[in-house]
1. What is the angle, in °, between the Cα long axis of helix 230-243 and the longest principal axis of the Cα atoms in the chain? Nearest 10 is fine, range 0 to 90.
2. Given Cβ point charges of +1 (Lys, Arg) and -1 (Asp, Glu) and nothing else, what value in debye, to the nearest 20, does the dipole of the chain about its Cα centre take?
3. Determine the shape class of the range 253-323: with a ≥ b ≥ c the square roots of the Cα gyration tensor eigenvalues, call it rounded for a/c under 1.5, and otherwise prolate if a/b is greater than b/c, oblate otherwise.
4. Label point 7 Å out from residue 608 along Cα-to-Cβ: which residues of the range 193-215 have amide N under 13 Å?
5. Could you tell me what fraction of 2.2 N^0.38 Å the Cα radius of gyration of the range 483-598 comes to, as a two-decimal ratio?
6. Sorted by mean Cβ packing within 10 Å, highest first, what order do the peptides 238-246, 164-172, 303-311 take?
7. Only helical DSSP H runs with n ≥ 4 go in: add -39500 (n - 2.57) per run for the chain, normalise by residue count and round the 222 nm mean residue ellipticity to 500 deg cm²/dmol.
8. If you average over every viewing direction, what projected area does the convex hull of the Cα atoms of the range 113-199 give, in nm²?
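FYI, it's all coordinate maths here, none of it is from the lab. The model shown is predicted, which means the values in this text are computed figures rather than measured ones. FYI the Cβ positions are ideal-geometry reconstructions off the backbone, even for glycines, and counts take in every protein chain you see.
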Amino acid sequence: MDELLASTSAPPHIVRGACPHDCPDTCALLTTVQDGIAIRVQGNPGHVPTAGVLCNKVAHYAERTHHQHRVLQPLKRVGPKGAGRFEPVSWDAALADIASRLSAIAARDPQAILPYSYCGTMGLVQGESIAARFFHKVGASLLDRTICASAGAEALTQTLGGKVGMKVEFFAESKLILIWGSNSIASNLHFWRLAQEAKRNGAKLVCIDPRRSETAEKCHEHVQLLPGTDAALALALMHELVVNDWLDHDYIAQHTLGWEALRERALRWPPERAAAVCGIPAQQVRDLAHAYGTTRPAAIRLNYGMQRVRGGGNAVRAVACLPALTGAWRHRAGGLLLSSSGFFPADKATLQRPDLLAGRKARTINMVTIGDDLLRPASPGFGPAIEAVVVYNSNPVAVAPESGQVVRGFARDDLFTVVLEHFRTDTADYADYVLPATTQLEHWDIHASYGHTDVLLNRPAIAPLGESRTNTQVFRELAARMGFTEPCFGDSDEALCRQAFGSHVDYDLLLRQGFASLDIPDAPYANGGFPSPSGRCEFFSERLARQGMDGLPDHLPNYEPAGSSTRYPLAMISPPARNFLNSTFVNVESLRDIEGEPLLELHADDAAARGIRDAQAVRVFNDRGEYFCKARVSSRARPGVVHGLGIWWRKLGLAGTNVNELTSQRLTDLGRAPTFYDCLVEVRPA
Ligand code: SF4
């Protein structure tokens with residue numbers, strides 16, 4: 001970049017934007033541009049929640065954008081699927097062929113077409129606007145977008161009424177913070193800044209996590225429980241709150257539902273019972289309950305790691321009940337935050353136009369089970385076999401569970417696959433067409449957040465590189481070629497940005513400043529008023545009971561509990577490597593150099609029992625597949641639990657594998673979500 005700067009003369013200018021990645025922080029960006037090149041991406045110091053600081057990943061966004069391996073023209077497959085052999089083709093030829101193939105399939109049954117997308121961008125415009133309109137008009141299968149957060153989201157909705165919680169800035173004033181299922185230093189950096197401020201002001205920080213993460217080792221205490229046992233711990237905390245009467249009886253009476261039933265359930269969970277399930281000392285449970293029951297204000301920062309197990313929804317429900325028991329919500333620095341996204345009044349019906357289905361009932365495919373579903377034949381229960389997949393903002397061959405099965409699905413010769421991408425990812429290698437997509441520096445977008453309560457506008461900093469096009473433009477052009485004449489396909493990206501929040505947000509302020517805050521009270525539930533049907537925190541959920549489920553939260557053991565198998569005695573979780581964000585950034589050399597190689601962290605006792613040395617190549621396996629990586633003998637792991645850090649691209653890993661060879665397609669109790677951290681394995685030297 002410095003060379004580029006030296007050889008140019010135009011004065012640089014700065015463009016305001018927003019980080020597009022799947023991260024709660026949604027940072028405000030300032031991109032410095034010179035002669036059409038983004039030479040630097042920095043945080044915007046004027047944006048209070050993110051304070052001008054970016055994580056190391058996005059600090060490298062200019063390198064990623066101008067990367068030599070960007071896909072900059074449409075590509076057509078010329079080799080076998082998966083080989084990654086393509087030749088350049090014109091946009092005209094590519095779009096004409098894609099429109100013709102999709103039209104032919106739609107004429108037989110439009111549900112044989114499947115869009116596959118997730119949060120490769122969190123932008124509401126390049127995410128699901130024109131794309132959703134297009135697939136609704138086609139009558140394609142709907143996609144259940146569940147791969148990350150839907151168990152926790154459903155749990156919050158059944159408990160509090162929505163994805164809402166305390167305002168993140170007030171964690172700085174808390175006196176006790178439970179950081180539950182989160183390596184905040186790696187994946188929620190700006191919250192960690194606030195937790196540090198609280199710590200300097202005398203707060204106690206407790207990390208609850210199976211892994212001794214970077215965050216855990218910087219907290220005062222680490223509760224290193226077994227994967228999938230969080231609900232047991234939460235129920236035992238409730239037990240202690242009850243027997244010691246560390247309860248806010250007035251708050252419970254005024255603002256909760258189902259107290260007597262929950263009380264009875266909690267009394268079945270003395271600390272000794274939970275300690276045996278969680279694999280931690282009973283005294284640690286008692287001490288944690290004492291701290292939580294007697295410290296004001298006390299706050300919980302929950303994150304999505306702990307809900308990636310069979311009972312993940314129930315676990316989130318159990319934890320989400322705690323602040324109402326102690327009345328923690330009364331304080332602006334008390335309560336809980338998993339997601340703030342439910343505060344944002346995004347007008348998704350206008351952006352996505354489900355009315356274009358025009359009364360047709362399209363089936364829904366769960367993105368977690370894409371491996372099985374791509375291989376499923378037509379049947380009365382399933383409907384037509386999937387004949388075409390259009391992938392955008394996602395890399396399912398790397399990130400979907402049980403990837404051996406996913407690969408078999410995408411390798412089908414009779415499957416027509418289109419991938420909109422920046423790079424030739426693992427999924428792009430299976431495409432019939434790869435279409436070059438713009439990055440966040442090259443398009444308009446607008447963003448909500450799930451970690452703070454500001455809306456951010458993203459302006460394009462540079463022109464689209466090469467022949468790349470925005471997602472919206474690609475779907476507009478496909479719509480035109482397929483004869484869709486509704487005026488909504490003509491909406492410009494800026495018009496879509498305006499539509500996203502309508503009059504709820506001051507768009508002129510967004511244009512001037514780049515961000516605008518929602519008007520949320522400092523302590524939104526100090527006097528109850530939860531967005532649930534009863535307006536209360538629902539310990540007992542009538543809605544779940546009506547569906548035949550337990551109306552109260554409970555501990556549901558993992559499908560594959562730690563220690564339950566002699567063939568596969570190790571429980572594996574797959575938390576993100578610090579310098580990657582899901583599978584994004586794995587191909588950015590400066591970040592991959594820091595991560596080094598795909599790693600499995602394991603405890604010294606487990607390594608010694610298998611004759612495994614540090615840095616040795618190992619084979620990790622179960623009945624679903626095998627994964628090759630390097631062993632890291634590490635005090636971050638407890639005995640019996642290993643950590644397969646993710647998510648490497650298969651082709652950049654060892655032997656063309658990644659950790660998702662081992663994970664299963666089974667779903668959580670609530671929210672139809674994946675169970676990535678509910679996975680038993682064995683490890684041997686390779
Ligand atoms: S990934 Fe998260 S912390 Fe990093 S720049 Fe984006 S929003 Fe900020």
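1. Computed tilt is about 30 degrees.
2. 600 debye
3. On the way: a/c = 1.24, a/b = 1.10, b/c = 1.12.
Rounded is the answer for the range 253-323, as its axis ratio a/c remains below 1.5.
4. none
5. Details: Rg = 24.2 Å, N = 116, 2.2 N^0.38 = 13.4 Å.
That works out to 1.81 for the range 483-598.
6. 303-311, 164-172, 238-246
7. Calculated at 222 nm, the ellipticity per residue is -8000 deg cm²/dmol.
8. The Cα convex hull of the range 113-199, projected and averaged over all directions, gives 7.6 nm².
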